[in-house]
Amino acid sequence: MTTTITVNGKTTTVDAEPDTPLLWVLRGEMKLVGTKFGCGKALCGACTVHLDGEAVRSCVTPIEAVGAREVTTIEGLKGKEADALRRAWSEVDVVQCGYCQSGQLMSACALLRKTPKPSDEDVSSAMSGNICRCGTYPRIRAAIHLAAGSVAS
Ligand code: FES
Ligand code: FES
């Protein structure tokens, strides 16, 4: 069965059953492998993408639930918040193994778009579903605050 979805501004028809997780379509059919598979159960955040700007777990989002909403993956993430976050990530040297980081950036970007000057509590609440086995949490928090400051200035 075919389903039409819009990913990173491009409308594509994919051959997949309606209950196929969006993550499989992104990685398997579309070769957008920046979005990672971790747990497959909405527990780790590695597979986070945006649906109309909202951070969602693509491992538990069936393709039929996407509808007309725009999917954005790490490959298509743009805008002043995304640019500021990438700069801050590099400045703070956040990344260790890197596996969780695209999901972290997707969640952080959704946070900054909604809450341009997040408090520590805002960061904790927005990022609590994104697990980092390397323990980069303090650097992620610092980089989000740095990015927020640079977008606001
Ligand atoms: S792979 Fe989706 S939340 Fe872990
Ligand atoms: S940087 Fe290794 S899991 Fe987060």
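The values are calculated or read from the model by the stated rules, or taken from the named source; none is laboratory data. Predicted, not measured: the structure shown is a model, and the values here were computed from it. Backbone-built Cβ (ideal geometry, glycine too); neighbour counts: all protein chains shown. When the accessible area is computed, the model is the full protein with side chains, heavy atoms only, and any ligands, DNA or RNA have been set aside. Shrake-Rupley method; radii C 1.70, N 1.55, O 1.52, S 1.80 Å.
Pull up the DSSP beta bridges for the chain and report the antiparallel fraction as a percent, rounded to 5.
Working: 13 of 15 bridges.
Of the beta bridges lying entirely in the chain, close to 85 percent run antiparallel.
What whole-number distance in Å separates the alpha-carbon centres of the range 1-29 and the range 137-153? Going from one Cα centre to the other spans 33 Å.
Report, in deg cm²/dmol and to the nearest 500, the calculated mean residue ellipticity at 222 nm for the chain, where each DSSP H run with n ≥ 4 adds -39500 (n - 2.57) and the sum is divided by the residue count.
On the way: 4 runs with 51 residues, N = 153.
Helix-only estimate at 222 nm: -10500 deg cm²/dmol.
Lys-Lys pairs in the chain that are eight or more residues apart or on separate chains and whose Cα atoms lie under 18 Å of each other come to 5.
Can you give the relative contact order of the range 1-96 as a percent, counting alpha carbon pairs under 8 Å and 6+ residues apart? Let's see the in-between values first.
Details: 147 pairs, mean separation 28.2, N = 96.
For the range 1-96, the relative contact order is 29 percent.
Our Cα-only numbers for the chain put the radius of gyration and Dmax at 15.1, 49 Å. Label sites at CYS39 and THR11, each approximated as a point 7 angstrom past Cα along Cα to Cβ, lie 3.6 nm apart. Using C-alpha pairs below 8 Å separated by at least 6 residues, the relative contact order for the range 91-153 is 48 percent.
Accessible area of the range 2-76 with a 1.4 Å probe: how many percent of it is carbon plus sulfur? Can you show the working numbers first?
Working: 1780 of 3480 Å².
Here carbon and sulfur together make up 51 percent of the probe-accessible area.
Using a probe of 1.4 angstrom and keeping all protein chains present, the accessible surface of the chain works out to 50 square angstrom per residue.
Quantify how much of the Cα-Cα distance distribution of the range 80-152 extends past 17 Å, in percent.
Working: 807 of 2628 pairs.
Within the range 80-152, distances greater than 17 Å cover 31 percent of Cα pairs.
Taking the chain as a Gaussian network of alpha-carbon nodes connected by springs under 10 Å, the highest mean-square fluctuation of the residues MET30, MET106, MET127 belongs to MET30. Shown in residue order for the range 89-97 are the 3J(HN,Hα) couplings computed by the Karplus curve 6.51 cos²θ - 1.76 cosθ + 1.60 at θ = phi - 60°: 4, 6, 4, 7, 6, 5, 6, 10, 6 Hz (x for Gly and Pro).
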